[in-house]
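Colleague: If you scroll down you'll find the structure; I have some questions about it.
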Amino acid sequence: MSRTRIFSGVKPTGHLTLGNYLGAVRRWAEQDQHRADAVFCVVDLHALTVAHDPARVRRLSRQAATVLLAAGLDPERCTLFVQSHVDEHTRLSYLLECTATDGEMRRMIQYKEKSARERAGDGGSGSVRLSLLTYPALMAADILAYGTDEVPVGDDQAQHVELTRDLARRFNERYGHVFTVPRATRPPVAARVMDLQDPTSKMGKSHARSAGIVYLLDEPDTVRRKIMRAVTDGGSEVRYDREAQPGVANLLDILSAATGCTQRPEELAGEFGSYGALKKDTAEAVVELLRPLRERHAALSSETAYVEGVLRAGAERARAMARPRVDAAYRAIGLLPPE
Ligand code: AMP
Ligand code: TRP
């Protein structure tokens with residue numbers, strides 16, 4: 001039996017957040033790379049689906065790779081690379097656009113939300129890039145090119161992984177078995193960390209207002225301030241109720257996850273007599289959680305040659321992993337081999 005293959009990615013559209021860490025990255029480092037053949041990717045092509053600044057994407061791509069290494073990804077144990085360095089992703093993406101329908105792309109929640117935001121010009125450009133619609137075909141290509149079994153992601157990506165499964169099955173049925181059908185895996189708590197200032201929306205790295213977003217590289221005092229100022233709900237009783245008390249439930253999720261999930265958020269609720277006490281403990285737990293990452297990042301940030309070397313070797317390995325399956329898909333769908 002071959003080892004389980006894991007693939008996941010992060011978009012360089014902003015600084016990485018506590019949501020990225022608790023929803024995805026922490027598992028990559030603490031579990032996935034130790035138990036499976038794991039491949040992690042800075043998915044820079046996905047950052048071009050909304051209005052972007054070229055210099056910023058370049059800077060954020062390098063920074064995301066550095067933060068992932070600081071978070072504990074070990075190039076001896078996993079493969080870390082930048083999506084645009086491996087042509088197989090866009091090669092396969094086209095075949096998956098020829099497998100998907102425009103209806104299923106338009107049904108994606110993220111497309112509906114982001115395209116509405118872009119059209120409204122609300123921090124966006126007033127128009128919608130075609131790639132925002134076709135994005136899930138590229139994401140499916142990222143996953144399927146590697147024969148992936150598991151995709152560790154936060155809740156917001158579940159629908160995209162579901163579509164990836166549909167495309168894999170449809171392609172296999174039509175053209176013969178080429179792809180493994182992957183499944184999403186989610187963390188036991190904090191699969192959807194909410195914005196501290198608006199606990200009904202996701203903590204997202206590209207939001208304009210940063211007061212409700214904890215960035216992984218925030219100074220400890222900034223982290224404390226953001227959490228102490230988190231919007232909580234009417235009343236003062238600490239209960240775990242995502243509907244009625246989303247702000248408090250979010251803090252309980254974060255605290256549970258930051259302290260290693262030894263206690264469920266529902267259990268933790270009983271330990272606090274006030275919102276203030278809950279915020280204080282949550283703030284300290286998050287500061288401690290992020291401390292080693294911040295320290296490793298400080299040491300790595302001057303090691304640009306090392307990071308570049310890791311990415312170069314990662315891209316080479318990734319190319320070798322993806323190439324045979326993408327070639328097989330080209331043959332299966334009816335394209336004449338070049339030789
Ligand atoms: P992105 O920032 O969209 O590139 O997401 C990278 C990974 O982090 C994906 O697996 C997301 O599902 C996950 N993620 C992003 N934001 C959150 C959040 N607020 N809560 C939990 N997981 C998240
Ligand atoms: N779409 C994902 C996000 O926005 C990022 C991503 C791109 C991804 N390709 C992927 C995640 C492949 C997992 C697997 O978060």
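Colleague: Please give the helix 275-300 orientation as an angle from the longest Cα principal axis of the chain, in degrees from 0 to 90, rounded to the nearest 10.
Modeller: In the chain, helix 275-300 runs at an angle near 50 degrees to the longest axis.
Colleague: If I ignore ligands, DNA and RNA and count only protein heavy atoms, how much of R331 is accessible to a 1.4 Å probe, in Å² to the nearest 10?
Modeller: Probe radius 1.4 Å; accessible area of R331 about 140 Å².
Colleague: Using 16 Å as the cut-off for backbone N distance, which residues of the stretch 220-255 belong to the label zone defined by a point 7 Å from the Cα of E271 along Cα→Cβ?
Modeller: Within reach of a label on E271: 238-240, 249-255.
Colleague: Counting heavy atoms of the protein chains only and a 1.4 Å probe, report the per residue accessible area for the stretch 236-278 as a whole number of Å². Intermediate results must be reported in sequence, preceding the final value.
Modeller: Values: 1920 Å² over 43 residues.
The answer is 45 Å² per residue.
Colleague: OK, next. Find how much the distance from R242 to Q159 grows on full extension, using 0.36 nm per residue of separation minus their present alpha carbon separation; answer in nm with one decimal.
Modeller: Values: separation 83, 0.36 × 83 = 29.88 nm, distance 2.11 nm.
That pair, R242 and Q159, stretches by 27.8 nm at full extension.
Colleague: Which order do the peptides 282-292, 170-180 come out in when sorted by mean C-beta neighbours inside 10 angstrom, highest first?
Modeller: On the way: 282-292: 18.9, 170-180: 15.9.
Highest mean packing first, the order is 282-292, 170-180.
Colleague: What do you reckon, how do C41, C261 stack up by accessible area (1.4 Å probe), largest on top? Show your work: numbers first, answer last.
Modeller: Values: C41 0, C261 55 Å².
Reading off the accessible areas and sorting them downward yields C261, C41.
Colleague: Also, I was wondering about something else. Report the residues of the stretch 143-175 in range of a label on Q110: point 7 Å along Cα→C-beta, backbone N strictly under 18 Å from it.
Modeller: Flagged as within label range: 143-146, 148-168.
Colleague: Compute the FRET efficiency between N172 and E219 as 1/(1 + (r/R0)^6), taking r as their Cβ-Cβ distance and R0 = 45 Å, and round to the nearest 0.05. Don't skip to the end; give the middle numbers.
Modeller: Details: r = 50 Å, r/R0 = 1.11.
So, using R0 = 45 Å, E works out to roughly 0.35.
Colleague: Give me the distance in nm between label points sitting 7 Å out from Cα along the Cα-to-Cβ direction at A305 and A328, one decimal.
Modeller: 4.0 nm
Colleague: Under a point-charge model restricted to the Cβ atoms of Lys and Arg (+1) and Asp and Glu (-1), what is the dipole moment magnitude of the chain relative to its Cα centre, in debye to the nearest 20?
Modeller: Working: 47 positive and 45 negative charges, 116 e Å.
Here the chain has a charge dipole of around 560 debye.
Colleague: Also, I was wondering about something else. Just name one of L45, I109, A65: the one whose Cα is farthest towards the positive end of the charge dipole of the stretch 1-117 (beta-carbon charges, Lys/Arg +1, Asp/Glu -1).
Modeller: The one lying farthest along the dipole's positive direction is I109.
Colleague: Something else: Just the number, please: carbon plus sulfur as a percent of the accessible area of the stretch 220-298, 1.4 Å probe, no ligands or DNA/RNA counted.
Modeller: Working: 1830 of 3800 Å².
Here it works out to 48 percent.
Colleague: Out of L335, A100, S201, whose Cα points farthest toward the positive end of the dipole of the chain (charges: +1 Lys, Arg; -1 Asp, Glu; placed on Cβ)?
Modeller: Towards the positive end, the residue furthest out is L335.
Colleague: Quick check: the angle from helix 158-175's long axis to the longest principal axis of the chain, C-alpha only, nearest 10 degrees?
Modeller: Rounded to the nearest ten degrees, it is 20.
Colleague: Taking amide H positions as placed 1.01 Å from N in the peptide plane, with prolines and chain starts having none, which residues 5 or more places from A184, or on another chain, fall under 5 Å of its amide H?
Modeller: V151
Colleague: By how many degrees, between 0 and 90 and to the nearest 10, does the Cα long axis of helix 246-258 differ from the longest principal axis of the chain?
Modeller: Around 70 degrees separate the two axes.
Colleague: Report, in deg cm²/dmol and to the nearest 500, the calculated mean residue ellipticity at 222 nm for the chain, where each DSSP H run with n ≥ 4 adds -39500 (n - 2.57) and the sum is divided by the residue count.
Modeller: Working: 11 runs with 159 residues, N = 339.
Calculated from helices alone, the mean residue ellipticity at 222 nm is -15000 deg cm²/dmol.
Colleague: Just read off the accessible area of S210 with the full protein assembly in place, 1.4 Å probe, to the nearest 10 Å².
Modeller: Rounded to the nearest 10, the figure is 50 Å².
Colleague: From the cross-link list K112/K279; K11/K202; K112/K202; K202/K280; K205/K280, which pairs have alpha carbons spaced over 27 Å apart? Before the final figure, lay out each step's value.
Modeller: Working: K112/K279 34 Å; K11/K202 16 Å; K112/K202 15 Å; K202/K280 22 Å; K205/K280 24 Å.
Exceeds cut-off: K112/K279.
Colleague: While we're looking at this one, here's another question. Give the relative contact order (percent, whole number) for the chain; include only Cα pairs under 8 Å separated by 6+ residues.
Modeller: 22 percent
Colleague: OK, next. Share of antiparallel DSSP beta bridges in the chain, in percent to the nearest 5? Working shown, then result.
Modeller: Numbers: 2 of 17 bridges.
So the antiparallel bridges in the chain amount to around 10 percent.
The values are calculated or read from the model by the stated rules, or taken from the named source; none is laboratory data. Predicted, not measured: the structure shown is a model, and the values here were computed from it. Glycine also receives a Cβ, built like all others from the backbone with ideal geometry; neighbour counts cover every protein chain displayed. Ligands, DNA and RNA are stripped out before the accessible areas are found, and what is left, the full protein with its side chains, is counted by its heavy atoms. Shrake-Rupley method; radii C 1.70, N 1.55, O 1.52, S 1.80 Å.
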